[in-house]
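K.L.:
Dropping a structure here in structure tokens format, bear with me for questions.
Coordinate-derived values only; no laboratory data. Nothing here was measured: the structure is a model prediction, and the numbers come from that model. Because the Cβ atoms are built from the backbone with ideal geometry, glycine has one as well, and the counts that use them run over all protein chains shown.
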Amino acid sequence: MPSPSLLRRFLEKPAPGPEELSIDHAGSSLTITFLRSARARRASLRVDPARRRIVLTAPLRMARATALGFAEQQAGWIAARLKRLPAWRPFADGTEVPLFGTPHRVRHRPDCRGTVWLEDGEIHVAGKPEHLPRRLRDWLTAEMRRRLAPLVQAKAERVERTAKRITVRDTRSRWGSCGPDGALSFSWRLVFAPPEVLDYLVAHEVAHLVHMNHGPRFWALAERLCDGPMAPRQAWLKANGETLLQYGA
Ligand SMILES: [Zn+2]
């Protein structure tokens, strides 16, 4: 039999989906995303860097005008945060993307055969324009996999462990993870990060093959597995991690 709280949740109307709202501020209009949440106890604002948006969350029963009024009071904060969000850089002819930290211009080559290749420090993409984003992303993901495999293997050998599997996926909330079965997973977007930052993240996940926690012994091992000092790489990620989310879709 369902518990009363479960029944209540079942009977409640589902929270409506996200909605785009505009707020006037200093003569311009700010766009925010409005969400209702069954768990929210009050109206709140947060930055969602992965989707490059500011989210206003309100309890299900709060009057819309109350939630909006709260956001309007915070218009200055919203404007400042929106300005600081990294600009979206969709994959197209002329876009500049950092390939392992080094800027590369994307060139569309509609008349060429082949798929994607490097030429004179540029990334060339053949085929129809509508296929460019997917082709480029597939290629970047493959580059990431190619760079990752020997790095993981070398570090895993040093701790006499084996990574059962290495997957590259589109995770926006975390850069890497290590499963209890020894499967390592990394975000394909690390293809944009400087090599030493990728090195740190591999060291971090490989250290989890030995210690499944973030205790002092874990951190000591992660530091040893890095090919240079760990702190500046962590600082880079903290300061610049959001910029890795701005490229492509
Ligand atoms: Zn960790």
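K.L.:
Once the other residues with Cβ under 14 Å from the Cβ of Leu190 are scored (Lys, Arg +1; Asp, Glu -1), what is the net sum?
P.N.:
+3
K.L.:
If you don't mind, there's one more thing I want to ask. Hey, can you grab everything whose amide H is under 5 Å from the amide H of Ser37? Only 5+ residues off in sequence or another chain; H modelled, so Pro and N-termini drop out.
P.N.:
Amide H neighbours of Ser37: Ala58, Leu60.
K.L.:
Only Lys, Arg, Asp and Glu count, each charged at its Cβ (+1, +1, -1, -1), so figure out the dipole size of segment 139-215 about its Cα centre, rounded to 20 debye.
P.N.:
Dipole size: approximately 200 debye.
K.L.:
When DSSP beta bridges are limited to those with both residues in the chain, what percentage is antiparallel, rounded to the nearest 5?
P.N.:
60 percent
K.L.:
Report the charge-dipole magnitude of the chain in Debye, nearest 20, computed about the Cα centre from +1 at each Lys and Arg Cβ and -1 at each Asp and Glu Cβ.
P.N.:
The dipole magnitude comes to about 940 debye.
K.L.:
If you don't mind, another one. With the dipole of the chain worked out from charges on the C-beta (+1 for Lys and Arg, -1 for Asp and Glu) around the Cα centre, which of Gly69, Val197, Ser28 lies farthest toward the positive end?
P.N.:
Gly69
K.L.:
Go through segment 90-156 and name the trypsin sites (Lys or Arg not before Pro) that are in a DSSP coil and have 16 or fewer other Cβ atoms within 10 Å of their Cβ.
P.N.:
Qualifying residues, ordered by number: Arg113.
K.L.:
Which of the trypsin sites (Lys or Arg not before Pro) found in segment 162-249 are in a DSSP loop and have at most 13 neighbouring Cβ atoms, other than their own, within 10 Å?
P.N.:
Lys164, Arg172, Arg174
K.L.:
Would you check the chain for Lys pairs whose C-alpha atoms are within less than 30 Å, ignoring same-chain pairs closer than 8 in sequence, and give me the count?
P.N.:
So the count of such lysine pairs works out to 4.
K.L.:
Which ³J(HN,Hα) values, rounded to whole Hz and listed in residue order, are derived for segment 81-91 from phi using the Karplus coefficients 6.51, -1.76 and 1.60 in 6.51 cos²θ - 1.76 cosθ + 1.60 with θ = phi - 60°, glycine and proline given as x?
P.N.:
Ordered by residue, 3J(HN,Hα) equals 5, 4, 5, 7, 5, x, 5, 6, 10, x, 5 Hz.
K.L.:
A follow-up question, please. Can you work out ³J(HN,Hα) from phi for every residue in segment 108-113, in order, using Karplus 6.51 cos²θ - 1.76 cosθ + 1.60 and θ = phi - 60°, giving whole Hz and x for Gly and Pro?
P.N.:
8, 10, x, 8, 8, 8
K.L.:
Give the residue list of GluC sites (Glu not before Pro) in segment 141-249 that are DSSP loop and have at most 14 other beta-carbon atoms within 10 angstrom.
P.N.:
Glu160
K.L.:
Taking Cα atoms, how many degrees apart are the long axis of helix 132-158 and the longest axis of the chain, rounded to 10 and kept between 0 and 90?
P.N.:
Approximately 60 degrees, to the nearest ten.
K.L.:
Now for a different question. With r defined as the distance between the Cβ atoms of Glu160 and Asn240 and R0 fixed at 51 Å, what FRET efficiency is calculated, to the nearest 0.05?
P.N.:
With R0 = 51 Å, the Cβ-Cβ based efficiency is 0.95.
K.L.:
To continue, here is another question. Please state, rounded to one decimal and in Å, the Kirkwood hydrodynamic radius that the chain gives when every pair of distinct Cα atoms enters the mean of 1/r.
P.N.:
Computed over the chain, the radius equals 21.2 Å.
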